[in-house]
1. Heavy atoms of the protein only, probe of 1.4 Å, neighbouring chains included. What is the accessible area of ASP517 in Å², nearest 10?
2. Note down the nm distance, to one decimal, between modelled labels 7 Å out along Cα→Cβ at ASP212 and at GLN481.
3. Starting from the amide H of GLY336, placed 1.01 Å from N in the peptide plane, find each other amide H under 5 Å away whose residue is 5 or more places distant or on another chain.
4. Which FRET efficiency value, to the nearest 0.05, do you get for GLN221 and ARG149 by plugging their Cβ-Cβ distance into 1/(1 + (r/R0)^6) with R0 = 22 Å?
5. Using amide H atoms built in the peptide plane, which far-off residues or other-chain residues are under 5 Å from LEU97 H to H?
6. Counting only protein heavy atoms and using a 1.4 Å probe, what share of the accessible area of region 192-242 belongs to carbon plus sulfur, as a whole percent?
7. In terms of the ratio Rg/(2.2 N^0.38 Å) built on C-alpha atoms, what value belongs to region 232-378?
8. Long-range amide H contacts for GLY442: which residues qualify at under 5 Å (H placed 1.01 Å from N, peptide plane, sequence gap of 5 or more or a different chain)?
Amino acid sequence: MRLLAIGLLLAAAALACDSSSDSDPTPTATVPEAEEAEEAQPSQDEGEGGIVLHNAVVVTMDDAQPQAQAVLIRDDRIVAVGDDEDIIAEAGSSATLIDLEGRALVPGFIDSHSHRLANYEERGYGSAEEVIPVALAEGWTTLAELNVREDNLPELEGLAADGTLRLRVEAYLAVNTAAVEPLPRWWEPYRPGQMISPHLRIAGLKFFVDFDWGREIRISQDDLTAALIEAQQAGWQLAVKSIGSESLEIILNGLEQAQGGEGGPTYRNRIEHALAITEEQGQRMAELGVVASIQTLMPPELTDDPEFFAFADRQPDGATTPWRRVLDQGVVLANGSAWPSTYFEEPEGAAFGSPMRLLYQAATRISNRGALPEPWEPEQTITVEEALRALTIDAAYAVFRDEDIGSIAPGKLADLAILSANPLAVDAEEIPFIETLATFVGGTVEFCADSAASFCPQSSAPEPEVEAAAPLQGLVVASGQPIRLAMLAPTSGQHTELGPAELQAALIAAGDYGPVDGSQVEIVAFDDHCSLEGGEEAARQVVADGGFVAVIGPGCSASAQGALPILQEAGIPAVSPSATLPALSSLAPDVFSRVVLDDDELAAAGVDPAYVESLPTAQELFSRYEAQYGSLPSEAYRAFVLYAFDAYVVLVSAIDAVATPDGDAIVIDRAALAEAIRATGDHGGVTGTITLDDQGNRLP
């Protein structure tokens, strides 16, 4: 289950190539020595102990030892890699032995171009912290964040300081905006390669050059060259965005000047996206040692985008996404997701932008939506092994960390992922269905799938079982902490518009309502896929968290059938903002309370189902929605904006009625809350007076 943890605090919502093998030296010319905060060197302890992961298919990405059966970990480092018998003997009798039963063990995945922690709001997340478990569950152990700004770097620093940053972040600080507007020199207090913590490093500077699919170059050759020279002389690694071959030309001119014409692994400056590269430019990149930071999901996902075809028509023949050619020319490829900037409907199997999805699309160029590649694309695919290198050792090379991460070798940090199958040994069509079973960062288990408990010693991952839920009564909300509500609604599949529409309407209602007993309200959204299985998984995530007061949703009948019995068992009240079958109320009679009637019931009561949208209050809300979020959802989902607003009002009014002050905290009895929801009488809502019968059903 991929959690869409949106978590918006409503106070804010109311306002609005040389070889890239392990032997390449890390240059000191551009990346100074790390300071004292950097990770400790490998343990010199010759004694016993540690963890042995054995009976595995170990895909090392280490050219000196491509495959193995077992890995010995002590503290945060890999101590030994080899055959089962040898490694177990070396570990000694006090080591913890973990039998992987033939599963694959690979280096932790490195997203070479991520916006997860810097641009999380683009997918509705409320904080960087909420994105971390999602990334870990996909096997990511390092994120190269390519647009870190003055306003969000402090958030990352705070997460690093309190230990919440449970994966590694390579931060590239923005010099200008995406519209190529200059920013104040806010990055100057930082140093190239500066280790803020073992999990947060200042990697380089990010430059934007072109705009609008490369139609406009918004900086002159002279100005760009001067900026790159200045940054290079100060020791910074340079990451420069290029969409079209025209912008790439002036970037390469600038980099050539900044590097003094030198190449090799010394500088490892990067071209971000690199969607168009002529043959001559590919040769120049190889000679200069410039890395192509690509996203293998882009060509397949853009196959039905008219802008992409117009872009390709503007490029020289053979220049569009020629990654097979540039790899053969000797250019190092680092692969990434650009998530969430390029986000499309979730596919079956591995999530959009996940490592398995990127491997599959690198080798096939088939989109999540099933669109087949254009005739010229298959010849530019790369192999699964090449794509895996681009997500591990070559991605580590691209951030000057290949001596520490990116492969499974003695002395390296124990950043690892356990997979259900070896992506190098299955048909390409099976890759999206390979599961991440566990993710280790520095030898610590930071994610463990429900089915993989035996693989996860000393796991720090949240316990997913229902028994881990908070007590059914007397949920305590400490002073300064938000009242947390979960929303179960689809953001993928056939009804991808429904979830965001309901969430945004609830946020408007929350802004109107304000705090409850001085506590802000936080909504965390879970994608229930509008399916029975999706509802089950979403509900289990809610229960496992343990801190949610109540649930808004589910709205779909299928997901309600999966979710409501689980919420019933945990005693978590639920209010649905949308039409569900009347029989569903019997699934969870102690907690479930519908807010609206379905169309058939409205018709039986003699009410025009379209009446709600014609009300002046409804039209006013639609206007506010458009002003805040840009546009209304399509007509089929428009009424749900109104229903979700009223669902929030019913739920939070009931919370307000039962919340009991207790010193600096408030206590919310969930059983009393469920009763209060069902007992809600006349309460003014946007669709008219809300009157519920004794079963919690809305009366017309």
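The values are calculated or read from the model by the stated rules, or taken from the named source; none is laboratory data. All values reported here derive from a predicted model rather than from experimental measurement. Glycine also receives a Cβ, built like all others from the backbone with ideal geometry; neighbour counts cover every protein chain displayed. Quick note on the areas: whole protein, heavy atoms, side chains included, nothing else; ligands and nucleic acids left out. Shrake-Rupley method; radii C 1.70, N 1.55, O 1.52, S 1.80 Å.
1. Counting only protein heavy atoms, ASP517 exposes about 80 Å² to solvent.
2. For ASP212 paired with GLN481, the spin-label model returns 5.0 nm.
3. Those qualifying (amide H under 5 Å, at least 5 residues apart or on another chain) are SER112, HIS113, ILE294, GLN295, THR296.
4. Calculated value: 0.25.
5. VAL52
6. Carbon plus sulfur share of accessible area: 49 percent.
7. In units of the 2.2 N^0.38 Å rule of thumb, it is 1.06.
8. ALA414, ASP415, LEU416
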